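Where a number appears in this text, it was derived from the coordinates with a stated rule and is not lab data. Just so it is clear, the structure is predicted and the values come from calculations on it, not from any experiment. Note that each Cβ is placed from the backbone with ideal geometry, even for glycine, and that neighbours are counted across all protein chains shown.
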Amino acid sequence: MAMMLAGINRRDMGKMVEVAATRRSQPERREEMRRRLVAATLDALADHGHAGASLSVILDKAGVSRGAWAHHFDTKAEMLALAAEGLLREAVASAGTLSPPALSPSDGPAALGALLEQAWARFYEGRHRDLLFEVALAARTDAELKQRLAPIFSDFITAVGQSWGLALHPRPGAGVAVADLMVLTVYMLRGMAMQELAAGPSPDHARLRALWAGLLAAQVTF
């Protein structure tokens, strides 16, 4: 044994230690591959839409063969569901961090406007918006996917309501609950985002969001 070790210099020993330290277990390799496939699924949805995100397109983006993929997922639908769940869980966590800027109660419309723009930029523009709508489109005709995602969509609404509910309070005499106003706000933003997907951005939408902030300010305060 000593003779064998004598033939190995320090550099070789260092490489052996480094390889041993970086060698991953089978569960770790499996989890990494699943994350890679999920990321490729989201990339395919963003680039090609649900209709164009075929399994071949996804595997090409991931650089994974069909045979290797079959060791990790039984169906494309299963992989799509996992990707969609991860996307929505991230949105739920992010929704819980939405908060109005540090303004005085007299700045109600401005603060609410800033809060709406924060939510708009985070969830209803760009890649995140596109992915959310592609996932919703996929769930429209996939009963199993819809069943898996429906509770998470509800969790998103709850997270927004809880986050904003901590900062907002009904004005005296207000006849509408803050939680209901927040749900209406989310639905309004979603509808506006869908309109922009279909017809492109509209400069009028920023004005309408500011108008909605003014209407909210008549009902809630900080």
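Highest-first packing order for the peptide set 159-171, 207-219 is 159-171, 207-219, based on the mean count of other beta carbon atoms within 10 Å.
Translational diffusion of the chain, estimated by Stokes-Einstein from the Kirkwood radius over alpha carbon pairs at 25 °C in a medium of 0.890 mPa s, is 119 µm² per second. Taking Cα atoms only, the orientation of helix 204-217 departs from the longest principal axis of the chain by about 70 degrees. Roughly how tilted is helix 143-167, in degrees to the nearest 10 and between 0 and 90, from the longest Cα axis of the chain? For helix 143-167, the angle is close to 60 degrees.
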